[in-house]
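Below: the structure, in structure tokens.
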Amino acid sequence: MKTIYIFTNGTLIRKDNTLVLDTGEEKKHLPIENIRDLFVFSEVTLNKRLLEFLTKYGIAIHFFNHYGYYTGTYYPREHLNSGHLIVKQVECYIDPARRINLAKGFVTGAARNILHVIGYCRKSHDELQTIIENVKGFAEGIPKTKTIEGLMGIEGNIRDAYYSSFDPILSRKGFSYSGRSRRPPKTPLNSLISFGNMLMYSTLLTEIYKTHLDPRIGYLHATNFRRFTLNLDVSEIFKPIIVDRTIFSVIQNKEIVPEDFEESAQGLLMTEKAKRLFVQRYDEHLDATFHHRRVGKVSYRKVIRMELYKIEKHLIGDTEYEPFISQW
Amino acid sequence: MFAILVYDVQEGRVAKALKICRKYLIWVQNSVFEGEITEARLRSLKGELMAVLEENNDSVIVYTFENSRYTKRVTWGIERGSVSNII
């Protein structure tokens, strides 16, 4: 199964029972049976017939605006309905003790994976030791927290400390961190982080669609009236090991350079070339396989899906949720 | 797994075979397809194809590989069908 990333303008149509992107110059046939989801960054025209077709195959389509920001998702009608699981998901949300318990799992997983990522770089950078101590210090507060707000605070502190490690790790000219800024991102590094995180949220949404979970009910991020939140929760665990490692590799290998960013009213934006490259590396990273202690050879994408199944099992009271901690 | 499919089909049925293959694999050249496919999908591709082809006149060959890690792909001349998932 492949994720298709579209950067070319055109019309997406259903033709001969498969998917075609008509760019005016040529018709690109996309094998429908092999598509997991679509990420659309360009101007694409489509019709209801296409949406019906995508629904039939259970393919979500994520849209991003001209500036590369997330616009929304066409999330096909739920095909894996489980009233039972939705009830369980809500039960867990409205019980403060259970809700925070699960939320703590996400933050713990995020912290451990953050430590894993910077711990790996420590070998060549002694100055990371203090940052590691800081992150560990904040993480110790997780079990003691009583409120979601407190937990969010800890999560924020961990992330601040963590991002400050990017400067010593990267030490590439033009990619200094200098504080997190978003909407709009003010530095190239911030622009990369925002772009990468956004891809991660969409990837998670696609994976959630393939399970019985309802993406609208998250635990760490408050469920409100407009947004998918469960994907934000679970992303926390995978952002360090997938998004941030991709960022490190594209910067260190000089595949993306400071000239790949341009100033605009919407903040610092990546050029299309840089976006294409980043998306490619990100996709490769998700499909990369490693040896998992319990299940053997798996891709990161599969591990994300397994994480969702673990949450399902937790919700129905089968096995207690333990977040995925990277060992490799 | 990774598959390469080639067919040799009588004129009147080429278009039908093409349409079916395009649902599952990426068209790379006249009567040549390639791409990732699962066992189950390959079986349903076979089912669909054999329903329109004539067993005594047409021929389809499928090469399958566990993965594409130990293969190398080079194109001489023009690249007709692109296999990238970033378009």
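The values are calculated or read from the model by the stated rules, or taken from the named source; none is laboratory data. These figures come from a predicted structure and were not determined experimentally. Virtual Cβ from ideal backbone geometry, glycine too; neighbours counted across all protein chains shown. Surface accessibility is based on the protein's heavy atoms, side chains included, excluding ligands, DNA and RNA. Shrake-Rupley method; radii C 1.70, N 1.55, O 1.52, S 1.80 Å.
Structure values in brief
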read-out: Shielding by other protein chains, B:20-28, mean Cβ within 10 Å; value: 5
read-out: Listed residues A:Phe278, A:Phe175, A:Phe290, most fluctuating in chain A (Gaussian network, C-alpha, under 10 Å); value: A:Phe290
read-out: Solvent-accessible area, 1.4 Å probe, carbon plus sulfur percent, for chain B; value: 50
read-out: Within straight-line cross-link reach of B:Lys46, lysines at Cα separation under 24 Å, skipping those fewer than 8 residues along the same chain; value: A:Lys2, A:Lys15, A:Lys28, A:Lys56, B:Lys16, B:Lys19, B:Lys23
read-out: Cβ neighbours within 10 Å from other chains - mean over B:78-87; value: 5
read-out: Rounded FRET efficiency, nearest 0.05, which uses the C-beta distance separating B:Ala51 from A:Asn47 and R0 of 22 Å; value: 0.15
read-out: Förster radius 56 Å - calculated FRET efficiency between A:Arg293 and B:Ser82, Cβ distance, rounded to 0.05; value: 0.90
read-out: Radius ratio Rg over Rh of region A:1-158, counting only Cα atoms, Kirkwood formula for Rh; value: 1.13
read-out: Residue-normalised accessible area of the protein assembly as shown, expressed per residue, 1.4 Å probe, Å²; value: 49
read-out: Number of partner chain Cβ atoms within 10 Å, mean per residue of A:30-42; value: 4
read-out: Tensor-based shape of chain A (alpha-carbon gyration tensor, a/c under 1.5 rounded, otherwise prolate or oblate); value: oblate
read-out: Chain A: relative contact order in percent, alpha carbon pairs under 8 Å with at least 6 residues between; value: 16
read-out: Fraction of accessible area attributable to carbon and sulfur, region A:83-316 (%, probe 1.4 Å); value: 53
read-out: For A:Thr271, net neighbour charge (Lys/Arg +1, Asp/Glu -1) across residues whose Cβ lies under 10 Å away; value: -1
read-out: Computed magnitude of the charge dipole of region A:2-74 (debye, nearest 20; Cβ of K, R +1, Cβ of D, E -1); value: 200
read-out: Zone of A:Phe7's modelled label, taken as backbone nitrogen in region A:263-277 under 12 Å from a point 7 Å along Cα→Cβ; value: A:270-277
read-out: Choice from A:Leu189, A:Leu30, A:Leu102 with maximal GNM fluctuation in chain A (Cα, 10 Å cutoff); value: A:Leu30
read-out: Buried accessible area, chains B and A (both chains, 1.4 Å probe, Å² to nearest 100); value: 1800
read-out: Alpha-carbon centroid distance for the pair region A:1-80 / region A:133-201, whole angstrom; value: 32
read-out: Low-density loop positions, trypsin sites (Lys or Arg not before Pro), region A:148-185 - DSSP coil, at most 12 other Cβ in 10 Å; value: A:Lys173, A:Arg182
read-out: Loop-exposed chymotrypsin sites (Phe, Trp or Tyr not before Pro) per DSSP, neighbour cap 12 Cβ within 10 angstrom, longest uninterrupted part of chain B; value: B:1-69
read-out: Among beta bridges that DSSP assigns inside the protein assembly as shown, antiparallel share in %, nearest 5; value: 75
read-out: Helix B:39-52 axis, angle to chain B major axis (alpha carbon atoms, nearest 10°); value: 40
read-out: Low-density loop positions, GluC sites (Glu not before Pro), region A:265-328 - DSSP coil, at most 16 other Cβ in 10 Å; value: A:Glu320
